[in-house]
Amino acid sequence: MSIIDKLMKIHTLSILLFLYFPIAIVVLSSFNEYREFTSFKFTTKWYESLIQNSTVWKAFNNSLSVAMLCALISVVLGFLSAYGLLRASTAFKSSIEPVLYIPIIIPEITEALSLLLFYNFLSFPLGFFSVLIGHIAFSISFVFVVSKARLAGFDRSLEEASMTLGANQIQTFIKITLPLSAPGIAASTLLAFTLSWDDFIKTVFTTGPGFQTIPLVIWSQSARGGVSPELNALTSLMLIISITLSYLYVKMMRK
Amino acid sequence: MGFLKIEMGILKHTWIRKASLYILIPSLSFLAIFFYTPFIIVLLYSIGVIGRDGVISLNPTFNYFIEALNPLYLRVILNSLYLAALTTISCLIIAYPAAYYIALKTSYRLRSLLIVAVVLPYWISFLLRTYALMTILSSLNMLFTYQAVMIGMIYDYLPFMILPLYVNLEKLDKSLLEASYTLGASPIKTFFKVTLPLSIQGIVAGCILVFVPATGEFIVPYMLGGISVTTIGTLTWDLFLKFHNWWRGAALSIIYIFIVLAILIVYVRKIGGVEL
């Protein structure tokens with residue numbers, strides 16, 4: 001191994017350390033009795049006070065219901081569009097694809113404020129539904145991209161065989177296409193769920209009075225440098241959920 | 001009879017080709033209503049066609065654009081572009097050797113482990129990661145400085161640079177490198193004459209993935225910079241959620257969208273198609 005290779009190895013490992021160190025600190029200090037890092041004594045009291053906090057519980061329920069509905073709806077819509085587009089002519093595909101891609105490229109903040117103005121213009125009540133719609137609007141595109149990648153490696157002759165053997169298109173879709181694309185669908189469900197579960201910018205722009213999700217709770221309590229042990233506990237919980245979801249996603253995409 | 005069945009199968013197949021286009025309708029109409037129409041609404045606000053209380057007037061005005069182009073806002077726009085450019089370059093310099101190492105110098109087992117380690121932060125929201133960084137920066141008494149914002153930007157965007165670089169470098173044909181060595185080129189010359197030019201697609205993809213969202217970044221400057229750093233993102237937040245000056249905010253975002261589109265078009269034209 002040359003010196004350059006060794007340096008690159010050290011560099012790579014320091015990057016990983018840089019990426020994970022703050023996360024490790026937050027998780028560690030959420031179990032720390034003291035507010036400073038300098039001394040450590042194990043406690044779960046911050047988590048106990050978190051469980052008793054009704055604002056957090058309400059926000060948790062809100063986050064969960066929005067994320068689950070968002071995942072369900074955007075997976076159906078995103079998967080169907082990937083499935084449909086795969087069978088379209090090249091010309092049609094190349095004109096429609098950008099329409100489905102653009103929501104990924106556009107910076108989220110412009111998307112968020114445009115929805116706010118849209119709702120305002122229509123006097124649409126802000127709250128659960130306005131947030132949910134916003135989340136679906138960008139999750140569809142991510143699901144589309146993932147499903148498209150999965151469906152691209154799909155052996156089409158299996159569908160043709162099914163139809164030749166007399167199955168109708170709906171039977172073929174349910175018995176052949178769906179089971180074969182199950183890993184892709186599961187992976188994109190996880191992706192859509194995480195996108196919605198984690199989302200802050202779109203939520204803060206499209207929410208109304210009284211409707212808070214967990215990211216909004218973290219934001220409002222941490223604004224302008226407010227670091228607290230309860231917040232560390234809440235952030236740690238969210239971090240652990242995100243890491244678990246992403247790990248599952250990576251596992252599924254490998255299948 | 002069997003023959004007839006096959007015929008029917010083919011017929012059904014062409015039928016499904018057409019029918020499958022109809023299943024695009026739900027998602028396309030959803031996006032048309034809740035993604036594209038809102039942008040038209042922003043445009044209508046920015047030229048004053050939609051006024052207070054949603055009243056429509058047919059006298060378009062450019063006053064809001066003139067307001068949004070005042071020297072103070074222009075400086076904010078330039079600051080954001082500068083911050084995004086600095087972030088992109090720093091991320092590229094930091095990420096490239098790591099992506100190179102992971103893609104070309106590791107065993108299969110180690111590589112898949114490292115890639116999972118790089119991908120995981122991709123999935124954690126900026127809010128959580130920035131908060132994690134904030135706990136450290138606050139105990140170092142570094143909060144609310146430009147350095148804190150820079151560290152935060154690099155911290156948040158680094159995975160977005162490493163991954164496309166890795167994906168690109170991993171596809172690199174190693175025999176080209178060997179050929180270069182065999183023909184007497186030094187490792188440094190090989191890097192600049194072979195590896196770097198061949199990885200340009202990955203560099204472009206990474207730069208777009210970092211630069212475009214970084215220009216509108218809001219969480220990092222707000223949480224780590226306080227009031228010391230103003231960007232398009234924080235200005236948009238203030239205009240919409242603090243001052244409710246929707247018309248000027250709309251004009252500013254139209255300008256911003258055009259800047260983003262212009263950058264994307266120049267990039268894609270120069271390199272000719274980008275795989276994100």
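Applying the criterion of being surrounded by fewer than 22 Cβ atoms within 10 Å (Cβ to Cβ) and more than 7 Å from chain A (Cβ to nearest Cβ) to the residues of the range B:131-143, the residue that is farthest from B:VAL229 (Cα to Cα) is B:LEU140.
Taking residues in the range A:21-32 that are more than 9 Å from chain B (Cβ to nearest Cβ) and in a helix (DSSP H, G or I), and partners anywhere that are of a type in the set (Phe, Trp, Tyr) and crowded, with 20+ Cβ neighbours inside 10 Å, the pairs with Cβ atoms closer than 9 Å and at least 6 places apart or on different chains are A:SER30/A:TRP46.
Residue check: is A:LEU165 within 11 Å of chain B (Cβ to nearest Cβ) and in contact with a helix residue (DSSP H, G or I) (Cβ under 6 Å, 6 or more places away or on another chain)?
Numbers: within 11 Å of chain B (Cβ to nearest Cβ): yes; in contact with a helix residue (DSSP H, G or I) (Cβ under 6 Å, 6 or more places away or on another chain): no.
So A:LEU165 does not fit the description; no.
Listed here are the residues, each with its yes/no results for (1) among the aliphatic types (A, V, I, L, M); (2) out of contact with any Lys or Arg (no Cβ under 9 Å at 6 or more places or on another chain).
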| site | (1), (2) |
| --- | --- |
| B:TYR96 | no, yes |
| B:LEU104 | yes, no |
| B:ILE115 | yes, yes |
| B:PHE126 | no, yes |
| B:ARG129 | no, yes |
| B:LEU133 | yes, yes |
| B:ALA148 | yes, yes |
| B:GLY152 | no, no |
| B:VAL167 | yes, yes |
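When each of A:ILE176, A:ILE214 is tested for being in the same structural domain as A:LEU231 (by TED's automatic domain parsing), among the hydrophobic types (A, V, I, L, M, F, W, C) and at pLDDT 90 or above, the lone residue that passes is A:ILE214. Within the range B:228-245, the set of residues being within 9 Å of another protein chain (Cβ to nearest Cβ) and more than 21 Å from A:LEU216 (Cβ to Cβ) comprises just one member, B:ILE232. One residue stands out in the range A:212-250 among those that are of a type in the set (S, T, N, Q) and within 13 Å of the chain's Cα centre (by Cα): the one that is nearest to A:ASN62 (Cα to Cα), namely A:SER242.
Condition (residue is surrounded by 15 or more Cβ atoms within 10 Å (Cβ to Cβ) and hydroxyl-bearing (Ser, Thr, Tyr)) applied to the range A:79-93: is it met by at least one residue? Write out each step before concluding.
Going through the range A:79-93, the residues surrounded by 15 or more Cβ atoms within 10 Å (Cβ to Cβ) turn out to be A:79-88.
Remaining after also requiring hydroxyl-bearing (Ser, Thr, Tyr): A:81, A:83.
Taking every residue of the range A:79-93 in turn, at least one turns out to be surrounded by 15 or more Cβ atoms within 10 Å (Cβ to Cβ) and hydroxyl-bearing (Ser, Thr, Tyr).
Between A:LEU178, A:LEU116, the distinction of being out of contact with any strand residue (DSSP E or B) (no Cβ under 9 Å at 6 or more places or on another chain), crowded, with 24+ Cβ neighbours inside 10 Å and either at positive phi or not small (Gly, Ala, Ser) (or both) belongs to A:LEU116 only. Among the residues of the range A:183-212 satisfying the criterion of being within 11 Å of chain B (Cβ to nearest Cβ) and in a loop (DSSP other than H, G, I, E, B), which is surrounded by the fewest Cβ atoms within 10 Å (Cβ to Cβ)? Taking the candidates together, the pick is A:THR207. Residues in the range B:24-50 that are at the interface with chain A (Cβ under 7 Å from one of its Cβ atoms), within 12 Å of B:ALA251 (Cα to Cα) and β-branched (Val, Ile, Thr): B:ILE41, B:VAL42. Here B:ALA98 does not qualify as farther than 30 Å from A:SER220 by Cβ and surrounded by fewer than 23 Cβ atoms within 10 Å (Cβ to Cβ). Report, by residue number, each residue of the range A:218-244 that is at the interface with chain B (Cβ under 8 Å from one of its Cβ atoms) and buried (at least 18 other Cβ atoms within 10 Å of the Cβ). Across the range A:218-244, the qualifying residues are A:ILE218, A:TRP219, A:SER222, A:VAL227, A:LEU231, A:ASN232, A:THR235, A:MET238, A:LEU239, A:SER242. Cβ separations smaller than 6 Å between residues 6+ apart or across chains give the following pairs from the range B:93-121 residues that are closer than 20 Å to B:VAL204 by Cβ to residues that are in a helix (DSSP H, G or I) and polar (S, T, N, Q): B:ALA98/A:THR12.
Right, B:ILE77: touching a residue at least 24 places away in the same chain (Cβ under 8 Å), in a helix (DSSP H, G or I) and either surrounded by fewer than 16 Cβ atoms within 10 Å (Cβ to Cβ) or of a type outside the set (Ser, Thr, Tyr) (or both) or not? So B:ILE77 fits the description; yes.
Out of B:GLU178, B:GLU217, B:GLU170, which single residue is among the charged types (D, E, K, R) and buried (at least 21 other Cβ atoms within 10 Å of the Cβ)?
Details: B:GLU178 fails: buried (at least 21 other Cβ atoms within 10 Å of the Cβ); B:GLU170 fails: buried (at least 21 other Cβ atoms within 10 Å of the Cβ).
Exactly one residue qualifies, and that residue is B:GLU217.
Taking first residues from the range B:187-211 that are in the same structural domain as B:TYR267 (by TED's automatic domain parsing) and partners that are of a type in the set (Phe, Trp, Tyr) and at pLDDT below 90, the Cβ contacts under 7 Å between residues at least 6 apart in sequence or on separate chains come to B:THR190/B:TYR181; B:VAL204/B:TYR267; B:ILE208/B:TYR267.
The values are calculated or read from the model by the stated rules, or taken from the named source; none is laboratory data. None of the values given here were measured: they were computed from a predicted structure. When we count neighbours, we look across all protein chains shown, and the Cβ atoms used for this are built from the backbone with ideal geometry, even at glycine.
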